[in-house]
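*Asks:* My structure is below; once you've seen it, I'll send some questions.
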Amino acid sequence: MAENGEDCTLYQPCKVSDKGNCSGLDSRTNKTFVGVNSTQEHNDDCTFVVGDAGGEITTYLPQPPVVPRLSKFSKKSVSLEATSRTWRLRNSQESLSDRAETGSSTDSLKEDQSVLSDVGTVGNEQDSRVRPRSVLSTESPVFEDRKSSLSEYERKPHSQVHVLERHLKRSAKVRLSPVQPAGPSPALEKKVASTISREANRIDKDCLDNAIMVKEKTEDGIHRNRSRLQETMGDSASVNSIKSLYSILSPIKPEDVRNRSFLEGSMLGNGALLGAEELDRYFPDRRVGVYVVTWNMQGGKFHSACLNDLLLPTDSEFAQDFYIIGVQEGCPDKREWETCLQETLGPHYVMLYTASHGVLYLSVFIRRDLMWFCSEVEHATVTTRIISQIKTKGAVGVTFTFFGTSFLFITSHFTSGDAKVYERILDYNKIIEALGLPKGIPDTNPYRSNPSDATSKFDQVFWFGDFNFRLSKNRSDVETIMKQTAGDVGLLLEHDQLSKEMKDGSIFKGFQEAPINFPPTYKFDIGCDTYDTTSKQRTPSYTDRILFRSRQANDISVLKYNSCSVVKTSDHRPVVAAFQVKLRPGRDNIPLCGGLFDRTLYLEGIKRRMTAREQKRKEAMKNQSSSTVCSIS
């Protein structure tokens with residue numbers, strides 16, 4: 001019986017003479033059966049060598065019967081065929097739904113071909129008459145693809161079946177063969193965009209077109225805000241500072257953070273706190289507004305309502321960024337004076353620093369959104385009296401660095417007397433030599449500094465106070481000139497002691513002063529506009545002055561220089577000046593103030609503002625209720 005259950009019918013029984021060889025006689029053909037070669041490569045081809053009775057040898061190839069008899073294995077062929085179709089369907093679905101599949105169906109076919117070639121080279125070791133059930137239950141899709149029937153698969157020798165079984169167990173997944181397209185895809189028309197792509201680009205925020213749209217929308221919003229600000233407030237450096245509130249911060253890349261140091265930054269480094277990028281954000285024209293006030297208060301009281309005219313005059317269109325207030329012979333209650341300043345300037349400003357020397361007070365107010373770019377503030381005092389305990393004459397200096405520009409503000413009170421010009425020059429020389437500034441803040445340009453002159457160590461210097469320089473004319477001559485000129489003070493300044501000494505270079509070397517177009521600020525009777533009517537009959541003079549000095553030419557421009565005639569609580573009229581000062585980028589190697597300010601003073605000043613507003617509201621309601629206009633009941 002053959003391996004696959006089919007009967008190879010021999011018409012004459014044969015005698016086994018050797019392993020794999022048999023001989024016999026065919027009674028129907030009268031031919032002698034010589035032998036069967038069982039060592040062929042495939043048992044499917046059975047070659048018989050036969051001979052006639054006379055000894056002639058011919059080759060005979062037997063044909064299988066028309067209707068082969070069923071064996072115990074062939075009875076299962078019908079059920080296995082149905083199972084094979086079900087298996088192929090199930091495994092095809094599993095292959096399509098397998099998410100972990102990484103190979104291609106083409107590679108699987110190549111692998112199967114290599115296995116079959118290995119199977120073909122294996123010799124037939126021993127015929128197996130019974131097929132293992134494990135092989136029957138495992139169907140290979142390779143044979144199905146190649147249209148191999150179950151009977152052909154069952155004819156394989158036992159050794160080949162084991163090789164195929166090992167291959168099937170080693171193969172984890174069944175892959176489908178690639179599907180080839182029936183023909184080339186039709187060409188798309190030009191300028192055709194996919195609807196899905198357009199929707200994805202519109203929704204995805206990372207797409208380029210969406211980013212451009214967001215940027216344009218943001219820029220339009222900023223432009224509208226700036227235009228509204230321009231319409232309401234106008235245009236100046238302070239407005240440019242306000243514009244920064246509407247800017248958008250750009251994201252910072254990790255590479256920029258790695259390359260940037262907040263301890264040692266570069267002037268032009270991107271992202272540096274005091275660098276050019278941050279400076280241009282707040283000051284596009286790189287100029288800051290500075291408002292300076294000097295006033296000899298004569299130690300008397302003051303009216304807080306007058307401070308509005310002093311700090312926020314109606315002829316000024318905009319408020320400035322810095323307010324520097326220096327007073328001589330200040331009021332006894334220094335804290336009350338500072339609280340009134342805070343109340344007047346309001347919540348947009350904070351007191352960055354305050355210093356005093358006896359009755360000399362110097363207060364620095366700055367806009368709240370700019371204090372982060374200030375360095376620590378330092379101050380020093382110098383007395384010009386022979387007895388140092390008497391602190392009525394001398395100077396107070398305050399310095400800080402804003403971005404990359406260093407500022408020095410000095411308020412001083414020189415020796416009084418019409419003829420004491422030399423003593424006042426000595427006061428000046430003593431101050432510039434003894435003023436120990438800066439202390440810990442690095443000099444922005446040490447190559448241009450003079451150790452014997454403290455004012456040479458800073459970029460921008462403002463020196464103001466009661467210098468006590470007089471007009472070298474008697475009282476009657478001065479009054480005559482004032483009546484003849486009718487407001488032209490040019491003839492008066494020809495007799496000014498300070499102007500003469502500055503031209504000679506004996507005092508305030510390198511300093512400048514804006515043109516004076518206001519009457520003398522000293523000496524008035526308190527509460528009126530009349531000059532001294534006492535027995536001393538002091539000559540009207542320009543004792544209260546504001547001077548400035550810059551390392552670079554044209555870094556400081558004067559916007560205003562005038563006296564405040566509405567404040568009449570002292571024998572001196574306050575003098576105010578507004579400047580535009582050029583700024584430069586700085587390095588992040590300076591100690592910053594960290595946003596520190598006098599919080600207690602700030603809260604007290606805001607509280608007073610609210611209280612005053614509430615009182616005004618109550619007074620307005622009271623006046624309305626007490627009105628004599630008849631009302632309908």
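The values are calculated or read from the model by the stated rules, or taken from the named source; none is laboratory data. Please read these numbers as outputs of a predicted model, since none were measured by experiment. Note that each Cβ is placed from the backbone with ideal geometry, even for glycine, and that neighbours are counted across all protein chains shown. Heads up: the accessible areas ignore ligands, DNA and RNA and are worked out on the full protein's heavy atoms, side chains in. Shrake-Rupley method; radii C 1.70, N 1.55, O 1.52, S 1.80 Å.
*Asks:* Could you tell me the number of lysine pairs in segment 406-521 with C-alpha atoms less than 16 Å from each other, where the two lysines are 8 or more residues apart or belong to different chains?
*Replies:* The number of close lysine pairs in segment 406-521 is 9.
*Asks:* With each pseudo-label sitting 7 Å past Cα toward Cβ, what's the residue 488-residue 554 distance in nm, one decimal?
*Replies:* Placing both labels 7 Å along Cα→Cβ, they lie 3.0 nm apart.
*Asks:* Using a 1.4 angstrom probe on the protein heavy atoms only, line up 597, 283 by accessible area, largest first. Provide the component values of the computation, followed by the final result.
*Replies:* Numbers: 597 55, 283 0 Å².
Descending order: 597, 283.
*Asks:* Local charge sum around residue 347 (other residues, Cβ-Cβ under 15 Å, Lys/Arg +1, Asp/Glu -1)? Spell out each step's value before the answer.
*Replies:* Numbers: positive: 367, 368, 599, 607, 608, 609, 613; negative: 343, 369, 598, 604.
Around residue 347, the charge tally is +3.
*Asks:* Grab the other residues whose beta carbon is less than 15 angstrom from that of residue 488, score K and R as +1, D and E as -1, and report the net.
*Replies:* On the way: positive: 483; negative: 479, 494, 496.
Overall, the nearby charge balance is -2.
*Asks:* At 0.36 nm per residue, minus the direct Cα-Cα distance, what do residue 312 and residue 335 gain on full extension? Give it in nm, one decimal, please.
*Replies:* Length gained, residue 312 through residue 335: 6.2 nm.
*Asks:* A follow-up question, please. Just to verify a number: what accessible area does residue 473 come out at with the full protein assembly present, 1.4 Å probe, Å² rounded to tens?
*Replies:* Here the residue's solvent-accessible area equals roughly 70 Å².
*Asks:* Would you mind checking which residues have amide H under 5 Å from residue 592's amide H? H placed 1.01 Å from N; only 5 or more apart, or other chain.
*Replies:* Amide H neighbours of residue 592: 376.
*Asks:* Here's a follow-up. Classify segment 509-633 as rounded, prolate or oblate from the Cα gyration tensor: take a ≥ b ≥ c as the square roots of its eigenvalues, call it rounded if a/c is under 1.5, otherwise prolate when a/b beats b/c and oblate if not. Write down the numbers at each step before the final one.
*Replies:* Details: a/c = 2.68, a/b = 1.30, b/c = 2.06.
Oblate.
*Asks:* Just to confirm a number: summing +1 for Lys and Arg and -1 for Asp and Glu over residues other than residue 366 whose beta-carbon lies under 13 angstrom from that of residue 366, what do you get? Could the numbers behind the result be given before it?
*Replies:* On the way: positive: 367, 368; negative: 321, 369, 598.
Cβ neighbours under 13 Å give a net charge of -1.
*Asks:* Follow-up question, since we're still on this one. Note down the accessible area of residue 255, probe 1.4 Å, to the nearest 10 Å².
*Replies:* It works out to around 110 Å².
*Asks:* On a 1.4 Å probe surface of the protein chains, which of 383, 294 comes out largest in accessible area, and what is the full order?
*Replies:* Working: 383 25, 294 0 Å².
Largest accessible area first, the residues go 383, 294.
*Asks:* Hey, could you grab the Kirkwood Rh for segment 302-454? Inverse mean 1/r over distinct alpha carbon pairs, Å, one decimal. Don't skip to the answer; put the middle values down first.
*Replies:* On the way: mean 1/r = 0.0589 Å⁻¹.
About 17.0 Å for segment 302-454.
*Asks:* Something else now. Ignoring everything but the protein chains, give the 1.4 Å probe accessible area of residue 303 in square angstrom, nearest 10.
*Replies:* Approximately 120 Å² of residue 303 is accessible to the 1.4 Å probe.
*Asks:* Whole Å is fine, so just give me how far the alpha carbon centre of segment 533-564 lies from that of segment 416-441.
*Replies:* Cα centres, segment 533-564 to segment 416-441: 17 Å.
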